[in-house]
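Each remark here refers to the structure printed beneath this line.
The values are calculated or read from the model by the stated rules, or taken from the named source; none is laboratory data. As the structure is a computational prediction, the values presented were derived from the model and not from experiment. All Cβ positions, even for glycine, are placed from backbone atoms using ideal geometry, and neighbour counts span all protein chains on display. The protein model used for the area step is the full one, side chains on, heavy atoms only, and it has no ligands, DNA or RNA in it. Shrake-Rupley method; radii C 1.70, N 1.55, O 1.52, S 1.80 Å.
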Amino acid sequence: MTIDRSAFAQLVLANVRSYLRQPEAIFWTYGFPLIMVVGLGLAFNSDTEARLPFIVTQRAASDPIVQKLRADARFDVEVMEQDAALALLRRNRTPVVVSVDASGEVEYFFDPTNPDGTAARAVIDDAVQRAAGRADVVASVDRRTDAPGSRYVDFLVPGLIGMNLMGAGLWGIGFNTVDLRVRNLLKRMVATPMRRGHFLLALVGSRVVFFVPEMFFLLLAAKLLFGVPIAGSYASVLFVALSGAVTFAGIGLLVASRARTIESISGLMNLVMIPMWLCSGIFFSSERFPDAVQPFIQVLPLTQVINALRAVILVGEPLAAQAFPLGILALWCALSYTLAIRVFRWV
Amino acid sequence: MAVTCRQLFKRYETGRAAVDAVNGLDLEVRRGECFGLLGPNGAGKTTTVEILEGLIEPTSGDVEVLGMRWGGGRDHELRQKLGITLQETRLRDKLSVRETLRMFRSFYRDGIEPEAAMALVALEEKADAWISKLSGGQRQRVAVACALIGRPELVFLDEPTTGLDPQARRQLWDVVADIRRAGNTILLTTHYMDEAEKLCDRVAVVDHGRVIALGAPRDLISRLGGEHVIEFSLEPMDQRPVDADVFAAVEGVTQSTEESGRFVLTVSEPHRSIPGCLALLSRENLELKSLTTRHVNLEDVFVNLTGRHLRDD
């Protein structure tokens, strides 16, 4: 009875029901991110050690030193004619082509502007020199860093959670709001004694509530499939994610505050989301961009959500250490909600 | 009075041109009556009711609804007493009829239960059906149920039957007649003259944003001077044009017009005027192609006032 009479509860229920009754929406929030994690995780996360592939020319194949390289488990050696080998090198299909010239010297064909080529050449040359009898003059020891928590898949999962937060907030709020406006339903609602604040709060609230199971589902899947650890406390992960969800819901509300057609909201969404997709460090660190654009990248909400998520999930930093990212999010929240409520088009 | 508005103006500035959607409209709706705004598309009916509903601000003019004014700090109070259907609202597809009504019910302090609202519009059987599964007429009845759920004192229905098939229209008319009988005040807009005649106690004929005639449908019709219309067309015997005025001389004909080959005579007693007409035709050597008689309707009133039809289709 009380739920029947609570406008806020009824508005949340309407949103929740509309959402749960669209199977395709469920796929995009649960299925799609899972496929991303699995696909990218498998692509960048083989259990066996990576073997360095390179090509040896037919002429060099019988050379005794090259024979030793072919027996080395660290290498994946292919033998072919020099012309065919160089063609593959130009197409970036192999980092290095090894050959032997007329005087018996070992030749390396590679592109010095390509970091992979330079690195591969150094590793192969080292093996050649050792095979020929060179000894190390300085003692060294290898420390492996492919333990859970520092692999690419570990880096990727918080990035995908951030991307999902942004997509769910902007599409979930923005698209639905404009859909209601196009249907004349916003106007119909304000023709009743409904409080406008209840409506907006329910819109944001139901989206944020959906995000919690969504995120833990993704974290659980990543843990079970790839052993991605959660170093920080669940509470701090939840707090960062909720801050992100609320922020992106506000931005979604702002983007949708005036739009009158589905076409215009779709365009606006892309305008807002594409810079963050590209720059905010979902798939690789945002710090790789030049210094000149860093101030711009660092104020993007997605950059800070992902930074904070990586810090609490992978490093286990406490919430207190996330003051800067959370502060940026708070600014975005204040800005987007204040503006959205001021300019929102109800009729 | 349930509604009074005086010298209502609404101007839309669209680039260089300005459009006066409402142009000095006066209106009074009495408590307990069903009042109709009748006019063609674009006459300003919807703009007028949306101003009365507090959804649009007028450019100028004075509006009083249930003794209150919009923007006077009591809007919320006023909304509690109004029930509204907009011209076109697509309710949420994936909610059931009951869920939709329960949501609308939660906005009102006082009201009826969703079950009772469904009974008012004869949709009990569809209580658990999603909106997307309903026909156009059923959706419109859900919209009316949403308007009634807060036990309103005043109900606005904007083009309630536009786009519905004849059977669905009649079902909706029954619903409106029931609301009227229950003692509610209704203000509806329509461009169907039969709808206005059937449902409304009084009608304001609206054209170009102002009221051009006001009164009970019967009164408006009787002002044309006759209760009946004789319509006929002639065989094209020769190219001689026939002036409609020649029929004005026939006994009992109060008005005579011609439009694209169809002659329309307004008469009080067809059985007296038809023989006179036939005699005139045979004298002039003209042959009838068709002849029908019918009652005068509000369409004739509108044509008489404006020279145009309500719907040009």
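Rolling a 1.4 Å probe across all protein chains gives A:Tyr234 an accessible area of roughly 130 Å².
Helix A:152-169 and the longest principal axis of the C-alpha atoms of chain A enclose an angle of approximately 20°. Listed cross-link partners B:Lys94/B:Lys198; B:Lys10/B:Lys126; A:Lys223/B:Lys94; A:Lys187/B:Lys133; B:Lys10/B:Lys94 are compared with a 31 Å cut-off, the Cα-Cα value being larger for B:Lys94/B:Lys198; B:Lys10/B:Lys126; A:Lys223/B:Lys94; B:Lys10/B:Lys94. 3J(HN,Hα) along the stretch A:112-118: x, 7, 9, x, 4, x, 4 Hz, from the Karplus curve 6.51 cos²θ - 1.76 cosθ + 1.60 with θ = phi - 60°, whole Hz, x for Gly and Pro.
Helix-only arithmetic for the protein assembly as shown: the sum of -39500 (n - 2.57) across DSSP H runs with n ≥ 4, divided by the residue total, places the mean residue ellipticity at 222 nm at -14000 deg cm²/dmol. When Lys and Arg each count +1 and Asp and Glu each count -1, what net charge do the other residues less than 12 Å away from A:Ala61, Cβ to Cβ, add up to? For residues surrounding A:Ala61, the net value is -1. Over the stretch A:105-171, the ratio between the Cα radius of gyration and 2.2 N^0.38 Å evaluates to 1.90. Calculated on the alpha-carbon coordinates, the convex hull of the stretch A:184-272 measures out at 130 cubic angstrom per residue.
Under the combined filter of DSSP loop state and at most 13 neighbouring Cβ atoms within 10 Å, the stretch B:204-254 retains these trypsin sites (Lys or Arg not before Pro): B:Arg223. Among the chymotrypsin sites (Phe, Trp or Tyr not before Pro) found in the stretch B:1-54, not one is both in a DSSP coil and sparsely packed, with 11 or fewer other Cβ atoms within 10 Å of its Cβ. Shape class for the stretch B:1-120: prolate, because the ratio a/c of the largest to smallest gyration tensor axis (alpha-carbon atoms, square roots of eigenvalues) is 1.5 or more and a/b beats b/c. Can you give the angle from 0 to 90° between the axis of helix A:234-255 and the longest principal axis of chain A, with both taken from C-alpha atoms, to the nearest 10? That works out to roughly 70 degrees.
A simple count of charges around B:Ile149, restricted to other residues whose Cβ falls under 14 Å of its Cβ and scoring Lys, Arg +1 and Asp, Glu -1, yields +4. With the largest listed first and rounded to whole Å, the semi-axes of the equivalent ellipsoid of the stretch A:1-141 from the Cα gyration tensor are 59, 18, 12.
Distances between placed amide hydrogens fall under 5 Å for B:Val3 paired with B:Val29, B:Leu66, all partners being 5 or more residues away or on another chain. Rolling a 1.4 Å probe over the protein heavy atoms gives chain B an accessible area of 46 Å² per residue. All other residues whose Cβ lies under 10 angstrom from that of B:Ile131 are scored, Lys and Arg at +1 and Asp and Glu at -1, for a net of +4. The A-B contact accounts for roughly 2900 square angstrom of buried accessible surface, both chains included, probe 1.4 angstrom. Place a point 7 Å from the Cα of B:Asp128 along the Cα-to-Cβ direction; which residues of the stretch A:1-38 have their backbone N under 15 Å from it? Under 15 Å, as judged by backbone N against the label point of B:Asp128, lies no residue of the stretch A:1-38.
If R0 equals 45 Å, the separation of the Cβ atoms of A:Ser62 and A:Ile262 corresponds to a calculated FRET efficiency of about 0.10.
On the basis of the beta-carbon distance and an R0 of 41 Å, A:Ile26 and B:Arg74 show a calculated FRET efficiency of 0.40.
With all pairs of separate Cα atoms included, the stretch B:148-283 yields a Kirkwood hydrodynamic radius of 18.1 Å.
Could you tell me which of rounded, prolate or oblate describes the stretch B:229-313, using a ≥ b ≥ c as the square roots of the eigenvalues of the alpha-carbon gyration tensor, with rounded for a/c under 1.5 and, failing that, prolate when a/b is larger than b/c and oblate otherwise? Oblate, because a/c is 1.5 or more while a/b does not exceed b/c. Taking the protein heavy atoms of the protein assembly as shown in the context of the full set of protein chains, the accessible area attributed to carbon and sulfur is 55 percent at 1.4 Å. The label point for A:Lys223 and the one for B:Thr292, both projected 7 Å from the Cα toward the Cβ, are 7.7 nm apart.
Across peptide B:249-256, the mean count of Cβ atoms from other chains lying within 10 Å of each residue's own Cβ comes to 0. Sorting A:Val212, A:Val178 on solvent-accessible area from highest to lowest, probe radius 1.4 Å, gives A:Val212, A:Val178. Working note: Cα atoms of the stretch A:224-281, range along each principal axis, descending, whole Å: 44, 21, 20.
In the distance distribution for chain B, Cα-Cα pairs more than 24 Å apart total 60 percent.
Taking max minus min of the alpha-carbon positions on each principal axis, the protein assembly as shown gives extents of 132, 67, 50 Å, largest first.
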